[in-house]
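The values are calculated or read from the model by the stated rules, or taken from the named source; none is laboratory data. Just so it is clear, the structure is predicted and the values come from calculations on it, not from any experiment. When we count neighbours, we look across all protein chains shown, and the Cβ atoms used for this are built from the backbone with ideal geometry, even at glycine.
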Amino acid sequence: MGGAENQWAKLLPEVQRLLNNSETKVTGKTPFEMLHGYRPRFLQSALRVLSATEDNWTPPAELQARVRENMELISGRRKAAYDSHRHDNTHYAVGEVVVMRRDPNSTGESTKLQDKYRGSLVVTEVLSSDVYRVAELDASKKSRLATTAHVSQLKSWRLPVDDDAEGELEEPERGQSETEDQNPADPQIPEVPETVGRRSQRVMRRPDWLRDYSCKVIENLYYHYYYVVPLYCYCGYY
């Protein structure tokens, strides 16, 4: 505004014009076009011929119907994107036993070994927006916990697995394996002899720089340097 702070009111009509002729992402139309059925042109003069704006007039009711359909389509896409990040559409029924995530108790020490869930709790009421009213399952206590929790804070309660039960489940598998070991091998299947692994021996090759030379003297020097000298050093002559 050229530094004139008290002249801002004179620019309000220009700001209003720009807002009314700005295309929105959801509707794909401008507010002026939805109200009057066409897009106006301002101060274009010779550039009017090169403008891509159509001069056709569309009834505002038809434009508003198109905009309404476009808004419903965009709303459906946003709902699908939101539902994809929900908690797998988890629902709990009244009477179901759950546990609730608890905040760590700050004692100045590490909270890694503290219980992460509180329970067992029972669902007493299903509220809106994935909220449940839960209460402590043990009704014999004088102060019974009763609160509300979001579905993201709840988790289904399951019985702990006993080690003895796991051993009973594993016994049939062990017995089956022992039975298979006792059965004699099929005589029709030949036994494959076990191969004894042998250590690979190192093969001395001529270096690449000797490929272009066929002189016998160079080959003798190579043989003396790589074979004779190490052998003498091993025997203690050098």
Fill in the blank from the handout: Across segment 22-72, the tally of residues that are exposed (fewer than 11 other Cβ atoms within 10 Å of the Cβ), outside any helix (DSSP H, G or I), small (G, A, S) and at pLDDT below 80 stands at 1
Exercise for the section: Considering each residue of segment 84-99, count those that are surrounded by 11 or more Cβ atoms within 10 Å (Cβ to Cβ) and either part of a helix (DSSP H, G or I) or of a type in the set (S, T, Y) (or both), and give that number. Expected result: 2
Problem - Of the criteria (1) surrounded by 10 or more Cβ atoms within 10 Å (Cβ to Cβ); (2) more than 30 Å from R39 (Cα to Cα); (3) among the hydrophobic types (A, V, I, L, M, F, W, C), which one A81 fails - result: (1)
